[in-house]
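One structure is given below, encoded as structure tokens.
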Ligand SMILES: Cc1cc2nc3c(=O)[nH]c(=O)nc-3n(C[C@H](O)[C@H](O)[C@H](O)COP(=O)(O)OP(=O)(O)OC[C@H]3O[C@@H](n4cnc5c(N)ncnc54)[C@H](O)[C@@H]3O)c2cc1C
Ligand SMILES: Cc1cc2nc3c(=O)[nH]c(=O)nc-3n(C[C@H](O)[C@H](O)[C@H](O)COP(=O)(O)OP(=O)(O)OC[C@H]3O[C@@H](n4cnc5c(N)ncnc54)[C@H](O)[C@@H]3O)c2cc1C
């Protein structure tokens, strides 16, 4: 089988990317493992989606449906119940399903949109027994919203990520008792609005700087102990609190799902997503990435925007019109997270012959207020933007106009106060002299 | 006498009880294997290092020494016969100080006396070749090329299935509560009021073997549980070649960094006596201890762990296996106090029990006429090439439906597991057979789907599908009082 573009994953990223590629003149196949399109949004039945993109408040499935309808009305070919097993650097995709068996599709470009999975209890090494009743929050969400079953009665939640907080409310609404949410950080790791609407409004206590130090129960969870932690993340004796619960939900982060990317030889960046340039092209030409497989998004509206960008570029690439120069080592521009920045997408800029606007998305490590983003290259500030406040839970997105003459070698992205920056510049200049 | 009376009842379907059952299945005997849990290998046999040892650091003249080496040798034939994956990776005991080096030299001599192939190496270049990941601080190693690894529950399940294939009966969720004897016949009573009549009992109840012994008035030993904790790491996060041990101390063999059959690796176990025979919980202290221990040999990758767990050694003050008829009753045979290297020794323990039955219990065995010598394991998608997989899917579309994407398990495989000799009736049973839930997502994506398959294939209400049997329910009532149902659809 042959086509212009194969999109792997039919979540919001895959749908928007596929639509953009199709609108830009490409023949598109979307491959989705599940029996329906929409990705993880199908189980996010709460509202709050689409405020940016549609300027109205939708539920997850409603947001997804808008794109599903557009895809259905388009010539895009969708393969459901089909898993992409592997991809090759020359754009072959191996797909498996029960009807056709194994199909090889030769494409001109590939868009990766596989989403992410949840970090588990084992990944953060929580001790105790291993009975039934310990779930990643997303799995509990699936049980309640898709399967229609209650996963327990008395719930303790570890991690104040968005999914955790939303599940605190969801469990409460279904008649379960949520005893509390424990969070290792000194602030909630999800959005402020979720803290207010999902915890505060229901009187669910949030224990900051706390973690679970023991889980009890042989067959089903019978209880758990949390304790406060010190600066070195060690539990402080005397601060233990015991909860009589039968369920523990973990909402401790998401990890981009990049097994097939890695197999194909794509380099992975520090945040777990593929290393991409300003066209969202991975380290393999003609293979693009967007959505949660690239970076974990807090808002699906940003997923859509990013995916459209990837879709347009993939279409251009497939038509031989995406002119990305292969930069020589001297022309290479690397983007580096600086002060208080966890990661930045893109990781590199491959083409800066003339002045152009480049979009950067990144997250801060610590919350701050009255602060600014500064892009620094060659010791000079080349772009500044103020923020009232920044939070690790909120992805920041900026568009910076870059001039070739301003940039050399690397761009450091800092989120700092003004005075601090002077020091950095001074330091760099001193080092150079 | 009626024919409801069994010749032999084996209490405990761990690796030891299952090995005994498999051994005895060769003969025309009416044998039953009993366990209190919903599956075999639910006790210590599911939480250990899975190493096939070579008699090293065992005391001279002990059963542990002899049975360990004999047991290891028996795997050469058994593993291909029962289709159990097994790999002789080799093990390295590592010395970082002069004193440790001396200890290893001493053990090298012992190994030669035992006829266990071993090699003492103090050349850094050669050490590096054997295991490039070892730290520079390791100055000498004692290499046992024959040491190997297998998945302990793979072995136990295969042994039990093979026994079943040849006429042994298996009764799960049968917790032995007390035992009576009348006219040379034992009656074993379960906690649910069921009864089994039998001539000879084999006590292979692991941590509870002392409790079972006391049921016939035998108080000759007590089991002291000694816990060992582990941390399991993601696939391909460290490409280990060898099983790495520090130099053992008098107290324990030390914290191992070892590869698994599936490309993961683990660190552990430590060793602490605990009060409870159910105390398989891990602790912050224990997990820190094993991370520190493991870091002495290699640089451990950060944040690549996927789970932690613990197992309990059934140790006794005899410091050796107890494999003998009870002083209380000659028709009651102990296979008790089987701590490490019990997995390695299991086949040899079974051989020893067979001898005892013949010599001391007056059994004359006649070979089973319709004995089936081999067992075929389930066909696994991961072992099929593209053409084979294509024809499988053409036959049955469920082969094309991936349920677990971390470990690549298809619906067809899970359906088969629900209908094998020991049918899977809970999600952990499926996990131990096919690995969905053992990967990096730890079941977050596939558990709900596996519950549906079990519900459909075993005709069970969805909410009655448990994690490990008993009351380990995963979900309870339905939202909006939707009512209970058995899943019978195609979309998982
Ligand atoms: C549990 C959970 C709850 C969330 N809740 C919220 C929320 O309340 N509000 C909010 O704004 N955002 C939320 N998010 C984030 C938001 O939904 C995501 O940002 C968005 O769904 C990401 O879209 P995506 O298309 O990148 O990934 P996904 O929606 O995960 O879609 C990826 C799709 O790819 C498919 N796929 C993956 N691998 C393959 C393969 N090899 N072959 C074929 N198909 C494949 C998957 O089946 C899936 O359908 C949540 C995310 C998660 C995980
Ligand atoms: C941390 C650790 C690491 C180890 N590493 C190794 C190693 O690398 N190599 C090695 O060779 N050995 C090792 N061992 C030892 C090995 O695991 C054990 O020797 C072996 O598993 C013991 O098997 P078993 O069948 O005797 O016990 P178990 O597997 O515990 O089986 C006993 C069974 O009896 C059942 N039972 C108990 N009471 C009753 C009752 N009342 N009614 C019905 N059924 C009952 C239980 O449910 C259980 O299934 C290790 C052990 C530990 C703890």
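Some points to look at:
- Strands (runs of 3 or more DSSP E) enclosed by region B:199-298 - at least 2 residues per element that are touching a helix residue (DSSP H, G or I) at 6+ places or on another chain (Cβ under 7 Å) and away from ligand 1 (no atom under 16 Å from the Cβ): B:224-233, B:265-268
- Qualifying residues in region B:412-433 (those that are buried (at least 24 other Cβ atoms within 10 Å of the Cβ) and touching a strand residue (DSSP E or B) at 6+ places or on another chain (Cβ under 8 Å)) - the one nearest to residue B:382 (Cα to Cα): B:414
- Residue B:381 being at pLDDT below 95, closer than 20 Å to residue B:469 by Cβ and more than 9 Å from every other protein chain (Cβ to nearest Cβ): no
- Residues in region B:386-411 that are surrounded by fewer than 23 Cβ atoms within 10 Å (Cβ to Cβ), more than 8 Å from chain A (Cβ to nearest Cβ) and modelled with pLDDT of 95 or more: B:387, B:388, B:391, B:392, B:395, B:396.
- The set of residues from region A:17-36 being more than 17 Å from residue A:145 (Cβ to Cβ) and within 8 Å of ligand 1 (Cβ to nearest atom) comprises A:31, A:32, A:33.
- All conditions but one from (1) in a loop (DSSP other than H, G, I, E, B); (2) within 14 Å of chain A (Cβ to nearest Cβ); (3) on the phi < 0 side of the Ramachandran plot; (4) out of contact with any helix residue (DSSP H, G or I) (no Cβ under 6 Å at 6 or more places or on another chain) apply to residue B:361; the one that does not is (2).
- Scanning region B:466-488 for residues that are at the interface with another protein chain (Cβ under 10 Å from one of its Cβ atoms) and closer than 18 Å to residue B:414 by Cα yields B:466, B:467, B:468, B:469, B:487.
- Subset of region A:130-151 (residues that are more than 7 Å from chain B (Cβ to nearest Cβ) and either closer than 13 Å to residue A:167 by Cα or at pLDDT below 95 (or both)): A:135, A:137, A:140, A:141, A:145, A:146
Residue-by-condition table, conditions (1) away from ligand 2 (no atom under 14 Å from the Cβ); (2) modelled with pLDDT under 95; (3) not assigned by TED's automatic domain parsing to the domain that holds residue B:238:
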| residue | (1), (2), (3) |
| --- | --- |
| B:134 | yes, no, no |
| B:139 | yes, no, no |
| B:154 | no, no, yes |
| B:175 | no, no, yes |
| B:183 | yes, yes, yes |
| B:198 | no, no, yes |
| B:202 | no, no, yes |
| B:208 | no, no, yes |
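- Matching residues, region A:286-299, being over 16 Å from residue A:337 (Cβ atoms) and either modelled with pLDDT of 95 or more or surrounded by 20 or more Cβ atoms within 10 Å (Cβ to Cβ) (or both): A:286, A:287, A:288, A:289, A:290, A:291, A:292, A:293, A:297
- Test: residue in region B:340-348 that is more than 9 Å from ligand 2 (Cβ to nearest atom), out of contact with any strand residue (DSSP E or B) (no Cβ under 6 Å at 6 or more places or on another chain), more than 14 Å from chain A (Cβ to nearest Cβ) and at pLDDT 95 or above: yes
- Residue A:127 more than 22 Å from the chain's Cα centre (by Cα), buried (at least 23 other Cβ atoms within 10 Å of the Cβ) and within 10 Å of another protein chain (Cβ to nearest Cβ): no
The values are calculated or read from the model by the stated rules, or taken from the named source; none is laboratory data. Given the structure is predicted, the values throughout are model-derived calculations rather than measurements. As a convention, Cβ positions derive from the backbone with ideal geometry for all residues, glycine included, and neighbour counts pool all protein chains shown.
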